[in-house]
């Protein structure tokens, strides 16, 4: 469908997301919608699809998705135990970038999830330089000082995500925050000006309450973490924005120690406060809440792995978006994690606390693992 002016990121009032509801019928997938490839890793999400229109949403069905990008988050959380994901993800690159699901087209947000994992696993930054340069070439808008979720060069190029609704178009907060961080980790000198542009854009997109709003992620605390992760790379400046964010985080914590009563929001908030080195008592309460919600039996360790002492966490919503079709239909997609994505977020928060430093991957990793060169 033709691009129209983008809808600004806004923060609608949060409401509980529905759980996936399996139904026997499924709307036939149009010919121009990518079909999952066979032989991929196990999908990490179950996507409930609803047709929006008439007097109520109509459930269409549930489909498994998520065979690529979110494995980067899984790897980031356990770079030693999940080392087998390194060759898997490197092999799934599409000219240096990555997709949410095989065949869906690359985006900067999905690519950066994978880059986070590869960097945490010790893949040297110089091996990932092509990916950083491709992000800039395909998605950076110098006039806006920001990254687009959809490449302006996507027409006639099926390897790039094409977009299914008008609001997907235009510069995106998530794309800018995540890509700016990736450039900082991989090629900070070569892309210094673009990184500074991304910081300025992220600072300008901060909401009045001190938080940020995502185009994709159901939790506001996920984009807050990505934005603060980028802002805190500046040697000076952005203290006003980080102070406002710290105040917002402190004020929005629940009395039980959580944020939003969810594992992902709580973990992202803990990581954000750790970046800022603020509110240690609030972080301690939040981590206790996270530990209380871990299922007691974690994954059995494989040969050479450490015992999984922290257990696993039940899956939560991780993405939401809709498709618009030429015939007027609108299909809403609610992406529910099967457990590994939510568990990864919890482990990142617990690891940051245990290590006694701001957050996994925030400091540049010296050297790298020669096995990945």
(message) Once R0 is set to 56 Å, what does the formula 1/(1 + (r/R0)^6) return for the Cβ-Cβ distance between residue 281 and residue 95, expressed as a FRET efficiency to the nearest 0.05?
(response) 0.75
(message) Quick check: Cα centre of region 267-299 to Cα centre of region 207-264, how many Å?
(response) 14 Å
(request) With a point put 7 Å past each Cα toward its Cβ, work out how far residue 52 is from residue 254 in nm, to one decimal. (result) 2.5 nm
(request) Give the Kirkwood hydrodynamic radius (Å, one decimal) of region 78-184, defined as one over the mean of 1/r across all pairs of different Cα atoms. (result) 14.0 Å
(message) Just to be sure I follow: if Rg is taken over the C-alpha atoms of region 128-245 and Rh is the Kirkwood radius over the same atoms, what is Rg/Rh?
(response) 0.97
(request) For region 144-181 and region 92-110, compute the distance between their C-alpha centroids and round to whole Å. (result) 12 Å
(message) At 0.36 nm per residue, and after removing the present C-alpha to C-alpha distance, how many nm does the segment from residue 239 to residue 129 gain when stretched out fully?
(response) 36.6 nm
(message) Please rank 252, 214, fewest neighbouring Cβ atoms within 10 Å first, as an exposure proxy.
(response) 252, 214
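Readers should treat all values here as calculations from the given coordinates under stated rules, not as data from a laboratory. Keep in mind it's a predicted model, so treat the numbers as computed, not measured. In this analysis, Cβ positions are derived from the backbone assuming ideal geometry, glycine residues included, and neighbour counts consider all displayed protein chains.
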